[in-house]
Amino acid sequence: MTRDISQNAAQRIAQRFPGLAAEAAPAGIVVPAESLLEIAAFLKENPDLALDYLAAITAVDYLDHFEVVYHMTSITHNHSLMLKVRLPGRENLALPSLTSLWQGADLQEREVYDLMGIAFSGHPNMKRVLLWDGFQGHPLRKDFIYEPS
Amino acid sequence: MKEEAAPIKTETFMVNMGPQHPSTHGVFRMRLSLDGEVVVDVEPIFGYLHRGVEKLAEGRTWVQDVTLTDRLDYLASMSNNLAYVLAVEKLAGIAVPERAEHIRVIMAELSRIASHLMAVGSFLNDMGAATFTPLIYMFQEREKILDLFEMTCGQRMTFNYIRIGGVSCDLPEGFIPALTRFLGEMPRFIDEYDTYLEDNEILLARCVGVGVLPPDKAINASVSGPSLRGSGVRWDLRQADPYSIYDRLKFDIPTGKNGDVYDRYRVRMEEMRQSLRILGQSVRDLPGGDYRTKVPVTFRAPAGEAYAHLESPKGELGFYLVSDGSLSPYRFKIRAPSFINLGVLRDLLIGCKVADCVVTLGSLDIIMGEVDR
């Protein structure tokens with residue numbers, strides 16, 4: 001059975017990055033956007049955590065903020081972690097890209113950008129993946145209205 | 001007078017493979033940059049079949065959304081039904097009767113065999129192995145599985161059979177004898193297939209050492225399913241994170257050694273044998289009792305979120321659901337294995353010959369209904 005390591009990961013992040021608030025959410029942790037990249041690197045490289053497999057990236061639109069959710073798994077230790085980042089506002093949203101750590105982030109970040117409109121800085125090819133280049137808007141946002149031309 | 005031979009000027013050129021190429025299994029395009037026969041760069045382009053399933057699901061009820069999942073990986077719809085339903089049940093804390101769990105495993109494993117038959121058949125077809133012979137050969141057996149599905153729920157492709165709380169109806173009379181007959185015939189068929197193909201010189205020449213995916217790369221690129229196991233990583237969610245009754249079933253996880261096209265093909269062939277073992281056990285232990293826990297049509301999942309995943313024939317199929325307590329999901333995210341597995345295509349193709357592109361793509365076994373959603 002894949003174990004959930006939210007508690008353990010939250011403690012370790014607190015030890016490694018003092019002064020940085022890693023909130024424990026139900027079945028996951030929430031970290032600040034600006035330190036996402038270094039925390040992700042720590043979670044991947046630390047031999048006890050070794051979250052080597054980035055299973056899924058997704059985003060949820062809560063109207064007053066967006067939540068980007070990373071599902072990470074360790075194939076080495078068979079445990080998993082749900083990592084969340086909150087982004088307030090609706091315009092010019094950006095997060096650091098995790099493609100430098102996991103190649104698997106590539107298409108998934110493009111999908112989030114395409115459908116939710118959150119850009120990932122440092123991504124080698126940040127463009128739409130499912131919809132065409134001239135498409136207006138990001139359809140998975142709650143305020144998206146489809147107007148056929 | 002002797003002329004000085006000037007060096008031949010060469011330049012790379014671009015070729016579009018697809019979107020309507022027979023080997024792309026749907027509408028999928030590869031923009032290849034070629035230096036003669038050798039691939040220098042490739043850009044996979046898709047989305048032609050994008051229907052916005054995730055958005056559509058937000059406008060339908062929890063119960064209705066099962067039908068949308070049928071249309072993702074349409075060669076293994078039962079697995080899709082199950083993955084979604086597992087996530088809803090996790091979110092709402094619904095217990096499923098023992099009989100339903102067994103029926104679900106039977107259906108999921110039959111789907112796996114049907115999907116792998118199709119994968120291997122079309123893969124051999126792409127290789128140019130005579131005209132359609134391998135594919136039609138595989139269809140013979142797949143037909144029997146589709147007959148079993150039809151017998152159960154009246155459908156051959158989009159089943160909507162596995163529902164929240166159980167399954168839509170009990171197994172019909174005559175299903176178990178028909179399944180037992182199938183389980184008796186199928187091993188012989190796989191053996192026969194292997195006799196023709198396992199050591200076939202042409203197959204080996206086309207597959208061994210082609211499209212090599214090293215294990216660390218496979219993990220780093222979030223590859224899952226037979227493509228991951230072909231690289232030698234023993235990772236199968238049925239054992240790593242057992243759902244339903246898989247923790248009680250005995251089966252092996254076949255893996256490859258070299259991570260090439262041949263290993264991915266072998267893994268699929270072996271997985272079919274393992275699925276037959278699982279089917280044998282779940283038929284043997286099939287208990288009586290109810291086939292569902294009743295869930296109202298106006299079912300509302302309690303506010304919260306849940307992620308559930310399973311080992312579909314293509315890889316890790318996951319659903320991340322967010323509920324605000326209403327009739328429909330607030331967010332309905334599909335973690336589609338075919339989509340994410342495509343992330344390594346570029347690495348596999350650069351440096352290989354044009355003809356190998358088709359074989360390598362076939363060995364990844366993508367399905368556009370799931371890639372584009």
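How much mean residue ellipticity at 222 nm does chain B get from its helices, if each DSSP H run of length 4 or more adds -39500 (n - 2.57) and you divide by all residues, to the nearest 500 deg cm²/dmol?
-14000 deg cm²/dmol
With the Cα gyration tensor of region A:1-88 giving a ≥ b ≥ c as the square roots of its eigenvalues, does the rule (a/c under 1.5 for rounded; else a/b larger than b/c for prolate; else oblate) give rounded, prolate or oblate?
Details: a/c = 1.83, a/b = 1.31, b/c = 1.40.
It is oblate, given that a/c is not under 1.5 and a/b is not larger than b/c.
For A:ILE5, B:ILE176, give the ranking by accessible area with the largest first, probe 1.4 Å.
B:ILE176, A:ILE5
Over 18 Å between Cα atoms: which of B:LYS217/B:LYS257; B:LYS217/B:LYS333; B:LYS90/B:LYS333; A:LYS84/B:LYS314; A:LYS142/B:LYS333 fall into that group? Let's see the in-between values first.
On the way: B:LYS217/B:LYS257 14 Å; B:LYS217/B:LYS333 25 Å; B:LYS90/B:LYS333 15 Å; A:LYS84/B:LYS314 27 Å; A:LYS142/B:LYS333 14 Å.
Pairs exceeding 18 Å: B:LYS217/B:LYS333; A:LYS84/B:LYS314.
How would B:MET157, B:MET127, A:MET116 line up by accessible area, probe 1.4 Å, largest first?
Sorted descending by solvent-accessible area, the residues read B:MET157, B:MET127, A:MET116.
How much of B:THR10 can a 1.4 Å solvent probe reach, expressed as accessible area in Å² and rounded to 10?
110 Å²
How many angstrom lie between the Cα centre of region B:271-328 and the Cα centre of region B:196-260?
Here the answer is 24 Å between Cα centres.
Taking the Cα centre as origin and putting +1 on Lys and Arg beta-carbons and -1 on Asp and Glu beta-carbons, what dipole magnitude results for chain B, to the nearest 20 debye?
In total the dipole reaches around 880 debye.
How do A:HIS79, B:HIS50 rank by accessible surface area computed with a 1.4 Å probe, from largest to smallest?
B:HIS50, A:HIS79
Return the calculated 222 nm mean residue ellipticity for chain A, to the nearest 500 deg cm²/dmol, obtained by summing -39500 (n - 2.57) across DSSP H runs with n ≥ 4 and dividing by the residue count.
Here the helix-only value at 222 nm equals -6500 deg cm²/dmol.
Please list, ordered by chain and number, the residues whose modelled amide H lies under 5 Å from the amide H of A:ALA56; skip anything fewer than 5 residues away on the same chain.
Excluding prolines and chain starts, which carry no amide H, the hits are A:HIS71.
Enumerate the calculated ³J(HN,Hα) couplings along region B:186-200 in order (Karplus 6.51 cos²θ - 1.76 cosθ + 1.60, θ = phi - 60°), each rounded to whole Hz, writing x wherever the residue is Gly or Pro.
4, x, 4, 5, 5, 4, 4, 4, 5, 4, 6, 10, 3, 10, 4
Taking the Cα centre of region A:3-121 as origin and charging only Cβ (+1 Lys, Arg; -1 Asp, Glu), how large is the dipole, in debye to the nearest 20? Working shown, then result.
Working: 8 positive and 15 negative charges, 61 e Å.
So the dipole magnitude of region A:3-121 works out to roughly 300 debye.
So what's the gap between the Cα centers of region A:1-75 and region B:59-92, to the nearest angstrom?
27 Å
Go ahead and set up a Gaussian network model of chain B, Cα springs under 10 Å, then flag whichever of B:ASP285, B:ASP170, B:ASP356 fluctuates most.
Taking springs between Cα atoms under 10 Å, the residue moving most is B:ASP285.
About the Cα centre of the protein assembly as shown, what is the dipole size in debye to 20, counting +1 per Lys and Arg Cβ and -1 per Asp and Glu Cβ, all else neutral?
The dipole of the protein assembly as shown has a size of about 820 debye.
The values are calculated or read from the model by the stated rules, or taken from the named source; none is laboratory data. Predicted model only: the values in this text are computed from it and were never measured. Cβ sites come from the backbone with ideal geometry, for glycine too, and all protein chains shown count toward neighbours. Remember, those area values only see protein heavy atoms, side chains included, never the ligands or the DNA or RNA. Shrake-Rupley method; radii C 1.70, N 1.55, O 1.52, S 1.80 Å.
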